[in-house]
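Since the structure comes first, as structure tokens, the remarks are kept for the end.
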């Protein structure tokens, strides 16, 4: 007989088996008083940092009287949860818990503004959310004792105190399968029997034969088109030589008798801030969706490459096969005035034209294997013809763009094909303008015309989506943070980090780190589909000895990934273009807004909890847009952090309210700790776990409520102190997850998922 298992008295209650945790404490009253430090105020007045103060006291649980006599209302009213997390520690005293009567060394420089609750004020830099306060319950009495970012984040994301074994310890310890799982993973396993996961309809999977190449090339019926005169744009219209890029947004580039309107370079930043425009007639060319890399080395070359050397297409012929045309390093463009070309080269004809050219990678000495690019032609600001992405050794392709009667401008652009900009030397060979008669294909519809109308998402898709989803990137640049993964629940419950697409980003150094791009640059859906069939064939040839083994999990992960990339139904959940223009305008062209809009779409699809990281940047010295404002606190909040957060949070709340989703969607505004009441010598505030603010809204939460209270300097809870575990218990209660719900660790021990108590904030 095996010896009896001894009780582990060293582990905190949250880490003990369920059988070892007393049940009486779990149903204690919700109205609890916080334990105070009698000398905290004196310590703060002496200038001792909040971090130091927090290290002087142990986190003592509040007194727990007898069990409550009534059940909390609104149990299970939430179908979905959206958590908006401010990594780094949002300053509570500068946002929702201001202390105007404290000294200037405490209250800071921000003024207060009125809110939608008479007599209640918030920071002046939250103008949008100030008018939404009547929808929230603001909890001003959350506290714990972890003054380190990783430990504090672990506590708030998992609901469990960090220990020196497993998760939450300071770097260089990495996430492990001993960690408690993230809240998203916990919700996923607690709701694994939910009907949204139980229903798994057969999804349509795109096959290679169903897909066209990732190009936009109109089809010409040359049997019905008559050719007349032609002119070479590179030898007859533009004088051979090098043409340095002019300014991006002006028409003062190099001209040849007013035939060439503008030559310029493109970057991701420039294309979003200042698309190519024509002040004379309002024509606009927006490259924002086509530009992926920022490299702009060299000039634009006519009958030569802009960085020197002859033009030749490496995928077609050897180096002696010189071409005429245009060559440059991505990303650059050239625009021709069609009216002037008609006058100078075609005796003023009013006929239509076709622009023909071959696009490929240039074979200059030193061309790198990673070279890749796309070629595109725009007519009057509308995309007329575009190639798929070509890599170094791919053969060139023919581009033909219709230029209808009345067209004013044509723009040719050589664009980067992936995220790398290394030696992306590209060529338009033999660009020829042909005068034609006959039926030309129409220009493809504009981006606006092809956007889908609002479409509801089938919630049964939850079974085909990741169990845990985070947006738009991991909390830290390198993604290595205890508590944000599946922990001891295993690989199946690790989150997928999905980026919502382009937009004005937080200024973090690696906004795309660790994310999955559902439309990877340089890989067409046809190629992905082909690879999926090959992988499926290979998997069938392998005989796994154990279906529960690692390979089986890998196969399940592959199936999930291909569903996400190749299923039109699943793809639809991620397509923000399916939202009406009014909704997209509400959220704005910003990663913060697009992230919460995507989170709302994913909850529509049936994902119970989506975690949104509002800010990015590794806290080990990076300059990302995290909320760790040790220095320059007030300018960073005012200029960089609060405006996008305010806009995104307000947009989410407005959308949920106007659409009626707020009734069954719980919104949580969370952070890992607050900031010190006393301002430091660098005009910043330091880590402060002793008191901070969390807010709730929707799904039966009381509206316009302040729960708990801090003291006169926001230094500690004065009433109704609560812990991260209580915040998690509140979320679980809203979702209908019963108190005492058990999960199992890697050793199959039953553990109580949450030992906190739901806050009494339900209507």
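Which of 145, 530 has the fewest other C-beta atoms within 10 Å, and how do the rest follow up to the most?
530, 145
Relative to 2.2 N^0.38 Å, what does the C-alpha radius of gyration of the range 622-726 come to as a ratio? Two decimals please.
Cα Rg divided by the expected 2.2 N^0.38 Å: 1.23.
From the alpha carbon gyration tensor of the range 222-443, can you work out the equivalent ellipsoid semi-axes (sqrt of 5 times each eigenvalue) and give them in Å, largest to smallest? Could you put the intermediate results ahead of the total?
On the way: eigenvalues 128, 81, 52 Å².
Whole-Å semi-axes of the equivalent ellipsoid: 25, 20, 16.
What shape does the range 101-153 have by the C-alpha gyration tensor, where a ≥ b ≥ c are the square roots of the eigenvalues, rounded means a/c under 1.5, and otherwise prolate means a/b greater than b/c and oblate the rest?
It is oblate, given that a/c is not under 1.5 and a/b is not larger than b/c.
Looking only at Cα atoms, what is the convex hull volume of the range 665-726 per residue, in Å³? Provide the component values of the computation, followed by the final result.
Details: hull volume 6.5 nm³, N = 62.
So the per-residue hull volume is 105 Å³.
Taking a ≥ b ≥ c as the square roots of the eigenvalues of the Cα gyration tensor of the range 78-129, is the shape rounded (a/c under 1.5), prolate (a/b larger than b/c) or oblate?
It comes out oblate by the Cα gyration axes.
By counting other Cβ atoms within 10 Å of each Cβ, how are 591, 104 ranked from fewest to most?
104, 591
What list do you get for 182, 223, 114 if you sort them by fewest beta carbons within 10 Å?
On the way: 182 29, 223 6, 114 13.
Ranking 182, 223, 114 by Cβ neighbours within 10 Å, fewest first, gives 223, 114, 182.
Given the Cα atoms of the range 287-375, and with Rh set as the inverse mean 1/r over their pairs in the Kirkwood sense, what is Rg to Rh to two decimals?
Details: Rg = 15.4 Å, Rh = 15.0 Å.
With Rh from the inverse mean 1/r over Cα pairs, Rg/Rh is 1.03.
Quick note: the coordinates plus some simple rules give every number you see, no bench work behind them. Since the structure is predicted, the reported quantities are computational estimates derived from the model, not experimental observations. Glycine also receives a Cβ, built like all others from the backbone with ideal geometry; neighbour counts cover every protein chain displayed.
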